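Report on the structure given below.
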Amino acid sequence: MSNRKLGENLKSLRQRQGWTLQEVSRQTGVAVSTLSKVENDQMSLTYDKLLQISEGLGLSLAELLAADEPEVAGLARRSVNRKEEGLRQTTPNYDYLYLSTDITRKRMVPVLTRIRARTLDDFGPLLKHSGEEFIFVVEGAIEVHTEHYQPIRLETGESTYIDSDMGHAYITVSKKDALVLGVCSSPQLNLQSTLLNLHGDADRP
């Protein structure tokens, strides 16, 4: 692929998703000046840098290089998650296990989450991101806090569905940490990458 083609693809992808160069830089760890030069056909990238950008945006390398091509209808993708397999991320409040990470450009992100925070003071500011999410309590009990509703308590086997751009937080109200299965959805094709970056420098083993 020519450098011009890569620059056009990267710029087209960024504009379709409504990202600024600064947002792409935060997601990928590649300097704004570098991204700008690539988009304007002033710099070529090494394979390692291409891989860094594609992983940061939640795309395969092939998808990044063909980012301006229309989506193919009638996909027949499948992902199998074995026990304890997935992408782990540890934050002060949650231990995340992202599932089906082998599928890119998906509009649903399934996450198994262990909740450790026990008070809103422990939790800190409410989280918000684009899309919607469904939360099902697998173990323990949780309290759901949102910016427009009174808190609700959910026991094992109970669930809730919320708009994710409404500030929200889940805290455990059982003796042990609670375990929930969440499914986040959004038209945004890199939702998983956005969720991973909500927590800044959180650990990803």
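No lab work stands behind these numbers, since they all come straight from the coordinates. What you see is a predicted model; the values in this text were computed from it and never measured. Using ideal geometry, Cβ is built from the backbone for each residue, glycine included, and neighbour counts are taken over all protein chains shown.
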Using the Cα centre of the chain as the reference point, and only Cβ charges (+1 on K/R, -1 on D/E), how large is the resulting charge dipole? Debye, rounded to the nearest 20.
400
With the Cα gyration tensor of the chain giving a ≥ b ≥ c as the square roots of its eigenvalues, does the rule (a/c under 1.5 for rounded; else a/b larger than b/c for prolate; else oblate) give rounded, prolate or oblate?
prolate
Taking N as the number of residues in segment 5-125, what is its Cα Rg relative to 2.2 N^0.38 Å?
1.27
Using the Karplus curve 6.51 cos²θ - 1.76 cosθ + 1.60 with θ = phi - 60°, what ³J(HN,Hα) values do you get for each residue of segment 138-145, in whole Hz, with x for Gly and Pro?
8, 9, x, 9, 10, 10, 9, 10
May I ask you to sort LYS49, LYS175, LYS5 by Cβ crowding, counting other Cβ atoms within 10 Å and putting the fewest first?
LYS175, LYS5, LYS49
Would you work out which of LEU127, GLN27, ALA169 lies farthest towards the positive end of the dipole of the chain, given +1 charges on the beta-carbon of Lys and Arg and -1 on that of Asp and Glu, about the Cα centre?
GLN27
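So for segment 87-199, considering every pair of alpha-carbon atoms, how many percent are separated by more than 20 Å?
Working: 2199 of 6328 pairs.
Everything past 20 Å amounts to 35 percent.
In the neighborhood of PRO110, defined by Cβ-to-Cβ distances under 13 Å, what is the net charge if each Lys or Arg adds +1 and each Asp or Glu adds -1? Write down the numbers at each step before the final one.
Numbers: positive: LYS106, ARG107; negative: GLU85, ASP102, GLU133.
Value of the local net charge: -1.
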Is the shape of segment 3-65 best called rounded, prolate or oblate, per the rule: a/c under 1.5 gives rounded, else a/b larger than b/c gives prolate, else oblate, with a ≥ b ≥ c the square roots of the Cα gyration tensor eigenvalues?
rounded
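When ranked by the protection proxy of mean other Cβ atoms within 10 Å per residue, highest first, what sequence do the peptides 121-132, 21-32, 86-97 form? Walk me through the numbers before you get to the answer.
On the way: 121-132: 13.9, 21-32: 15.9, 86-97: 17.4.
Per-residue mean Cβ counts within 10 Å order the peptides as 86-97, 21-32, 121-132.
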With charges only on Cβ, +1 for K and R and -1 for D and E, what is the dipole size of segment 87-199 about its Cα centre, in debye, rounded to 20?
320
Under the Karplus relation with 6.51, -1.76 and 1.60 and θ = phi - 60°, whole-Hz ³J(HN,Hα) for segment 90-100, x at Gly and Pro, equal 10, 10, x, 9, 10, 10, 9, 10, 6, 9, 6
How about segment 124-163: which chymotrypsin sites (Phe, Trp or Tyr not before Pro) there are in a DSSP loop, with at most 12 other Cβ atoms within 10 Å of their Cβ?
TYR149
Total charge of the residues flanking PHE123 in space, meaning their Cβ is under 12 Å from its Cβ, with Lys and Arg +1 and Asp and Glu -1, is -1
